[in-house]
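Participant: Please see the structure below; I have some questions.
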Amino acid sequence: MDELKRMTDIEEIRQLKARYFRFLDTKDWEGFESLFSVDAILDMRSGRGDNLDPDAVIQGASAIRAFVSAAVQALVTVHHGHMPEIEITAPDVARAVWAMEDVLYAPEDSEMPFRSLHGYGHYHETYEKLAGRWAIKSLKLTRLVVHTT
Amino acid sequence: MDELKRMTDIEEIRQLKARYFRFLDTKDWEGFESLFSVDAILDMRSGRGDNLDPDAVIQGASAIRAFVSAAVQALVTVHHGHMPEIEITAPDVARAVWAMEDVLYAPEDSEMPFRSLHGYGHYHETYEKLAGRWAIKSLKLTRLVVHTT
Amino acid sequence: MDELKRMTDIEEIRQLKARYFRFLDTKDWEGFESLFSVDAILDMRSGRGDNLDPDAVIQGASAIRAFVSAAVQALVTVHHGHMPEIEITAPDVARAVWAMEDVLYAPEDSEMPFRSLHGYGHYHETYEKLAGRWAIKSLKLTRLVVHTT
């Protein structure tokens, strides 16, 4: 594979995921939806401990937007990604593991099962390049630990 | 634009910002000042919650050094940056958004309004390359949340 | 030096260190050992505040694996690295500084001197490329601050 192409693909995927975090935490839901393939899959089944349905497997960019925005719209959230292992597995196809940390704060009058949540884990993702633009094709969250107050 | 040049510029800006954090937290103020353009602007007006003047807009590398070193010299500080979205907008001109986290600890006998501060937000920055070296031209901090004890 | 080679070397070292963190926190000790040169050195003498021997200087990939796995096997650990300053100093030779954060949780019935530990600091590392693969040749940890409960 062309090494320069591989480097620019990796950088584009890094920036795709950077927008994922920024749009999520600043609640730019139109931007957020645009980062996913139309038929993308969000698998939160191992993302235990937060306020999401533990059986949640969501399909489709618009369903992912609806699901995630409903889950966090009332919260202050901080999601950070670290140390990506991005592998271009074929032209316009890639996968990655990211370390992650999230911090969520529920409002005073919230019916959430926590006031604050602080968790750590990994995102396991796949990507595809469509019409010249990388998109998230699948995202699966696994957890190392979650603390709530 | 030459793609390899773009990749090396992005890497140089990543390492410029890495030195920003390391020099800040290890209190290497001469190194810190050297990272800024002579007429750089530091805009902390949205960096609410910490011990800085909420109206602070500081101009000039030496004034930025004086302002920041005075603010944190007595504290233990940890500043981390994440997930940069670095865009080379013209030859030798760039901008970026960085996610950030900061942790500050005031000494026991401090007159600071907090004992510890833990915050999250984003840096919005511009850069210029002068005499072959990237420098920070402007830095604006926005906050997602700040907690103090 | 060839700039594209330098970019791919830097990316490979980033991913080497990403595997270091992932293997450590998921306790994949065979993978962990494989990241180090046979005669690698782990210097934890400035890594004060955690549960490691403060005089620890360990030599050899298998000794490093034995030392680290014994120290953390019973704990939940999260180690994140940030903002690497990676410098290729000669063909197949490199060094880097990484900002780091670690969070350790001891089990309820543990004899550890802490229930939880939250620390920040820097890794100072060297690398060498052997048989086409980058490996960690030395790792020294310094601390900004460590808190325990």
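Participant: Kindly list the number of the only condition in (1) within 14 Å of chain C (Cβ to nearest Cβ); (2) closer than 27 Å to C:Trp98 by Cα; (3) without any contact (Cβ under 8 Å) to a residue 60 or more places away in the chain that fails for A:Ala94.
Facilitator: (3)
Participant: Now for a different question. Which residue is nearest to the chain's Cα centre (by Cα), if the candidates are limited to the range A:109-132 and must be of a type in the set (Gly, Ala, Ser) and within 13 Å of chain C (Cβ to nearest Cβ)?
Facilitator: The residue in question is A:Gly121.
Participant: Taking the range C:64-86 only, how many residues are under 14 Å from C:Tyr123 (Cβ atoms) and within 14 Å of chain B (Cβ to nearest Cβ)?
Facilitator: Total satisfying the criteria: 8.
Participant: For the list (1) surrounded by 18 or more Cβ atoms within 10 Å (Cβ to Cβ); (2) within 14 Å of chain B (Cβ to nearest Cβ); (3) not hydroxyl-bearing (Ser, Thr, Tyr), I need the number of the one condition that C:Ala106 fails.
Facilitator: Looking at each condition in turn, C:Ala106 falls short on (2).
Participant: Restricting to the range C:1-17, give me the number of residues that are touching a residue at least 40 places away in the same chain (Cβ under 8 Å) and surrounded by 15 or more Cβ atoms within 10 Å (Cβ to Cβ).
Facilitator: Result for the range C:1-17: 8.
Participant: How many residues are within 13 Å of C:Ser34 (Cα to Cα) and either free of Cβ contacts under 8 Å to residues at least 24 places away in the same chain or open to solvent by less than 10 Å² (accessible area, probe 1.4 Å) (or both) if we restrict to the range C:135-147?
Facilitator: Summing the residues that are within 13 Å of C:Ser34 (Cα to Cα) and either free of Cβ contacts under 8 Å to residues at least 24 places away in the same chain or open to solvent by less than 10 Å² (accessible area, probe 1.4 Å) (or both) in the range C:135-147 gives 2.
Participant: Do you know which residues across the range C:51-103 are on the phi > 0 side of the Ramachandran plot and either surrounded by fewer than 21 Cβ atoms within 10 Å (Cβ to Cβ) or of a type in the set (Val, Ile, Thr) (or both)?
Facilitator: Within the range C:51-103, C:Gly60, C:Asp92 qualify.
The values are calculated or read from the model by the stated rules, or taken from the named source; none is laboratory data. Treat the numbers as computed from the prediction; the structure is a model and nothing was measured. Cβ coordinates were reconstructed from backbone atoms using ideal geometry, including for glycine residues, and neighbour counts include every protein chain displayed. In case anyone asks, the SASA skips ligands and DNA or RNA and just uses the protein heavy atoms, side chains included. Shrake-Rupley method; radii C 1.70, N 1.55, O 1.52, S 1.80 Å.
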